[in-house]
Amino acid sequence: FGDGATAPYGWADLTGQRETELTIWHADPIHLGIGRESVIIGSLAEDPLSDTEAGALIAAANESLGDAARLSRVGASWFLHAREAWQLEPLPPLAAALGRPFATRGSLSDDELHWNRLHNAVQMTWHAHPVNESREADSRPTAGGLWLHGGGNWKPRPPLPWPALHSDRPELRGAAASAGAEGRVASAPVTQDATEAAAAARRTQ
């Protein structure tokens, strides 16, 4: 992923749809905890949103986003479809940011200011949402915002030297498919053709 775009390939793998027009981002819901001197990025993985909770929060977020973007979910994966190709500061996957302060920068581009306004609207909507009020009353982590990363459009990728890629990450399976290979779950059996192709690739290195 030299261009950093992982979301369109995850979306393609999970839905079978290759989005070449709208920019697709991973939009992971996050919990924002209060640290001693900063707001800390947290995950909802240990107490995930139920289907009903996620659906209600997504519907509320889409009302706040208006025509600028649309939030959707496929299983446990959340995506944001943006009508404009925003140029945002690249952020790492959520797993690499957990436990770190939620950093703010003084100088922002027009696209970053636009996303900040949209994100603030979503955060305000969620703050007073019954889903979060109920979770807070039960001492459960609330959904405080979205972690946007891996945005881009689907495009073909350079061919791979093997016929299949095994992974439990949808974005890797989707990228393999865009390169003419087959994306398979990690537990899928390795075929003889794949074994021979991998051996041939090693011999050419």
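Here are a few things to note about the model shown:
- Listing of helices (runs of 4 or more DSSP H) fully contained in segment 1-102 that carry 1 or more residues being without any contact (Cβ under 8 Å) to a residue 40 or more places away in the chain and within 30 Å of Ala164 (Cβ to Cβ): 94-97
- Within segment 122-148, residues that are hydrophobic (A, V, I, L, M, F, W, C) and crowded, with 20+ Cβ neighbours inside 10 Å have Cβ atoms under 6 Å from residues that are modelled with pLDDT under 95 and assigned to a helix (DSSP H, G or I) in these pairs: Trp147/Leu94, counting only partners at least 6 apart in sequence or on another chain.
- Qualifying residue in segment 171-179 (condition: of a type in the set (Ser, Thr, Tyr) and touching a Phe, Trp or Tyr at 6+ places or on another chain (Cβ under 8 Å)): yes
- When residues of segment 92-115 are limited to those that are open to solvent by less than 70 Å² (accessible area, probe 1.4 Å) and within 16 Å of Gly151 (Cα to Cα), the one modelled with the lowest pLDDT: Pro92
The values are calculated or read from the model by the stated rules, or taken from the named source; none is laboratory data. Quick caveat: nothing in here was measured; it's all calculated off a predicted structure. All Cβ positions, glycine included, derive from the backbone under ideal geometry; neighbour counts span all protein chains shown. Calculation scope for accessible area: heavy atoms of the full protein, side chains included, ligands and nucleic acids excluded. Shrake-Rupley method; radii C 1.70, N 1.55, O 1.52, S 1.80 Å.
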